[in-house]
1. If neighbour count is taken as other Cβ atoms inside 10 Å, put 218, 274 in order from fewest to most.
2. Can you sort 400, 183 so the residue with the fewest Cβ neighbours within 10 Å comes first?
3. Taking 0.36 nm per residue of separation and subtracting the Cα-Cα distance, what length does fully extending residue 84 through residue 177 add?
4. How far apart, in nm, are the 7 Å Cα→Cβ label points at residue 141 and residue 5?
5. Can you give me the Kirkwood hydrodynamic radius for the stretch 287-370, using every pair of distinct Cα atoms, in Å to one decimal?
6. Roughly how large, in nm² to one decimal, is the mean projection of the convex hull of the alpha-carbon atoms in the stretch 333-475?
7. Between residue 61 and residue 465, what length in nm is gained on full extension when 0.36 nm per residue of separation is reduced by their alpha carbon distance?
8. Could you calculate the FRET efficiency of residue 264 with residue 367 from 1/(1 + (r/R0)^6), where r is the beta carbon distance between them and R0 is 35 Å, rounded to 0.05?
Ligand SMILES: CC(=O)SCCNC(=O)CCNC(=O)[C@H](O)C(C)(C)COP(=O)(O)OP(=O)(O)OC[C@H]1O[C@@H](n2cnc3c(N)ncnc32)[C@H](O)[C@@H]1OP(=O)(O)O
């Protein structure tokens, strides 16, 4: 049984823990260093992957943890400063270096390069690994995007140097665990640098702004011929693939030269990690890097599709904006897509209650498939972009359920278009949310689907506002943009701006097919459910 003095002791202990504990998001500073000059300084968004859920360390007064990165090769250096240390009994202060050990290369904890002066010499002659694939100017400053295979030692080194930034800035983000085997050839590193046109002596002109990684996954040539499960051949654990296509470094001397590399197989490219360093966010660099990665990764003929691994909301916003601006400006067949409201095509028999939604008639199915294949945009993302684009031609004043009482029979073309647009979008959302919806009573399903659709609409409306704003301003920007472009290694245009959209949708949409699957033509619900 706890006595009064036990309680007092517990209270004292609690007080001590509080007095000696420090929030690691607050005491942690990340610095970018050019020579010994600090060019930028910022705090991490998350430190829980390093210091635990509470994001606190114990046992220090006036603690400050400074992690500096050389701006060019991201070589890290750790400095820990503190006042008094807790020293009572056996309780020791948190071992900060130990907590950071698995996130940083060993040399981050020592100063050898700095002490020998080799840092400056290396900086002077530094060139990013790989090839420069894009250059652009923004606000009078020069930027370059470089792409390197992660088989290149210098690229790998840079990635290892800065990988701690992923768990620090992407919620749930983890560091890559690359092996030493041939499969590393599937990986690419994209580095976005600002290039100082008048660098000071003994410093590098290159300063990292952001980076992305991608990897190649094998796919069947015609994904649509498979309806269930993930079609990546990577599920074969490489064994069958390697039998068919021995990797180059393991190819025996009697191996036929006819046999290609696994990298030449029909594949998807998957964008894996994407980060613009905080001091450079919100300046359009995310768009530049995304557009360049998309254009570069989709250009080989054996690449069938461009996908993104676990995007977060901010990335989804960036991707939606970039993709929609690109398709509307550069793919005329996409720009021409509209909701079909022609009663001669959408005959009463096609719209009987209980009939399946004729999505291929509502928005030209053959054209959609053609565009999707040539642009290589992943199916779910592409379908969402078609929804956004076709919605944009329906005036906002007609996007109201109260105007839908006469459904397809409405005499107003915009009201009819809105009715059909809702049917069209509901088809995809039904398939996507099928698992949840089939558990509901039939009547509830309609209501739930309407609610999901309203949430989607809200997001689309915000995005369209930004897209149209950009397009409206484009005429005025054209001259400046063309002047600013210094290298056009990529085919996607330079554009910028915003907003968010989310539903209950996962990344890969294997199994979701267009066409007349799933949803029936249903009457609109009468309630006004909450948007999700
Ligand atoms: C696959 C993955 O790796 S997912 C993880 C993505 N990475 C992160 O979340 C790390 C931290 N954040 C970042 O690195 C950056 O802020 C990014 C990549 C999200 C965006 O890059 P930025 O250079 O800031 O974007 P950029 O200036 O080009 O903005 C373009 C548009 O993206 C969208 N956007 C950018 N940042 C955000 C954000 N934090 N929240 C919502 N939308 C955003 C907006 O639509 C923006 O247009 P706007 O300027 O009109 O608002």
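1. With the fewest neighbours first, 218, 274 line up as 218, 274.
2. 400, 183
3. Extra length from residue 84 to residue 177 when fully extended: 29.7 nm.
4. Calculated label separation equals 6.4 nm.
5. Kirkwood hydrodynamic radius for the stretch 287-370: 15.7 Å.
6. That works out to 9.6 nm².
7. 140.5 nm
8. 0.70
Readers should treat all values here as calculations from the given coordinates under stated rules, not as data from a laboratory. As the structure is a prediction and not an experimental result, all values here were calculated from the model. Ideal geometry is used to build each Cβ from the backbone, glycine not excepted, and the neighbour counts take in all protein chains shown.
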